[in-house]
Amino acid sequence: MIAKTRPKALSRALLGAGFALWLPAVGAALELGLPVDCVLGQSCYIQQYFDHAAGPDWADFTCGTLSYDGHDGTDFAVPTRADMVAGVPVIAVAAGTIKGIRDGIEDFAPQVAGKECGNGVVIDHGAGWESQYCHLRMGSVRVQVGQTVDAGTPLGLIGQSGMAEFPHVHLALRKDGIAIDPFAPSAAQACQSAAAPSARDDLWQPMIPYAAGGIIGAGFAIDIPSFNTIKAGLSSPSTLPPDSSALAMWVYMFGARQGDVVMIDIAGPKGPVLQESVTLGKTQALVFRAAGRKAAAQGWPIGTYSGTASLIRHGRTLDRRKIDLVIAP
């Protein structure tokens with residue numbers, strides 16, 4: 001039960017813009033805040049980073065796999081479409097003047113040629129700097145061309161318009177028309193080790209930790225759910241009756257790599273219910289795994305059940321998620 005999200009390279013300009021994999025220097029730095037009003041690692045996460053590899057390959061600024069060929073920005077995502085519908089504000093990363101906007105493109109619709117960015121905003125920050133925000137929710141853009149904004153000014157809401165396979169905002173940063181990676185704005189910084197953040201000289205204030213992958217959702221169910229159901233926003237029940245036909249646990253992950261181990265453990269009031277471990281066979285942007293077992297003839301013992309999902313890389317636990325469920329009459 002796997003899925004992969006790796007859009008093809010694309011041009012996201014609302015206005016004409018050049019593209020380069022990196023610059024040797026960027027001059028006076030622009031200090032950036034988050035482009036989304038959410039908590040990274042909890043209500044949102046970074047799905048893909050700027051591509052630093054030449055040719056058809058791709059690599060993020062740590063030489064990791066969280067990018068795709070030609071990706072010219074950073075994708076700040078919410079876990080599910082339900083989170084998108086609830087509304088997550090996209091905000092300006094720095095003060096400036098609105099240079100361009102687009103709205104009116106439907107979410108979840110087939111892409112429109114030349115409008116891959118979907119609904120979006122471009123801000124001129126002066127001194128050759130500009131930022132661009134793509135895939136906003138239709139009807140959510142709340143600024144006008146010529147308007148001045150401060151860092152943190154609401155621009156719209158995270159959506160899935162244009163060429164987008166999951167709900168997110170694509171933030172592109174440019175200096176004199178050339179694409180810049182805010183995590184590694186100069187060529188010398190590319191492939192810095194994520195284990196040595198003190199060596200980074202990025203543009204974020206405060207610095208954003210690099211996440212090489214993780215768990216973005218987990219839950220119980222009475223059967224193995226479909227991936228589309230999970231991406232839509234499947235919730236985990238807090239209680240189930242003892243005559244439930246089966247008990248399963250699912251885990252939804254981003255940035256999974258070949259060789260990663262996914263472990264699912266369920267324990268009930270009378271001890272272990274299920275323990276399953278699987279090694280992933282390939283690198284994938286988004287993936288889920290689920291495991292379950294059928295009920296015994298007498299049903300499920302009444303009490304509290306605990307589920308633990310772990311994502312393990314090179315013998316180290318990269319992320320872990322725990323959830324509880326009560327079986328009650």
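The values are calculated or read from the model by the stated rules, or taken from the named source; none is laboratory data. Computed from a predicted structure; not experimentally measured. No Cβ is skipped: glycine too gets one built from the backbone with ideal geometry, and neighbour counts run over all protein chains shown. Quick note on the areas: whole protein, heavy atoms, side chains included, nothing else; ligands and nucleic acids left out. Shrake-Rupley method; radii C 1.70, N 1.55, O 1.52, S 1.80 Å.
Each of S245, I91, V149 was placed along the dipole of the chain (beta-carbon charges, centred on the mean Cα), and the one lying farthest toward the positive end is S245.
Order the following by accessible area, largest value first: M163, M84, M138. Probe radius 1.4 Å; ligands, DNA and RNA are ignored.
My answer, sorted largest first, is M138, M163, M84.
Remark: spin-label model distance V112-A295 equals 5.1 nm, labels positioned 7 Å along the Cα→Cβ axis. Please report, as a whole percent, how much of the solvent-accessible surface of the chain comes from carbon and sulfur atoms (probe radius 1.4 Å). Carbon-and-sulfur percentage of accessible area, whole number: 53. In this Cβ point-charge picture (+1 for Lys and Arg, -1 for Asp and Glu), region 128-268 has a dipole of about 260 debye about its Cα centre.
Given the choices (i) 31, 52, 16, 1; (ii) 34, 61, 6; (iii) 30, 55, 14, 1, P(r) over Cα pairs in 20 Å bins from 0, in percent derived from the coordinates of this structure is entry (i).
With θ taken as phi - 60° and the Karplus curve 6.51 cos²θ - 1.76 cosθ + 1.60 applied, the whole-hertz 3J(HN,Hα) list for region 62-78 is 9, 6, x, 9, 7, 6, 8, 4, x, 5, 10, x, 10, 9, 9, 10, 9 Hz, x standing for glycine and proline.
Close amide H contacts of V36 (hydrogens built in the peptide plane, cut-off under 5 Å, sequence separation of 5 or more or a different chain): I91. With a 1.4 Å probe rolled over the protein heavy atoms of all chains, the accessible area of R174, R257, R320 falls in the order R320, R257, R174, largest first.
Just checking the listed ones, Q47, Q275, Q298: in the Gaussian network model of the chain with Cα springs under 10 Å, the one fluctuating most is Q298.
Using the 1.4 Å probe convention, the accessible area of the chain works out to 42 Å² per residue with neighbouring protein chains retained.
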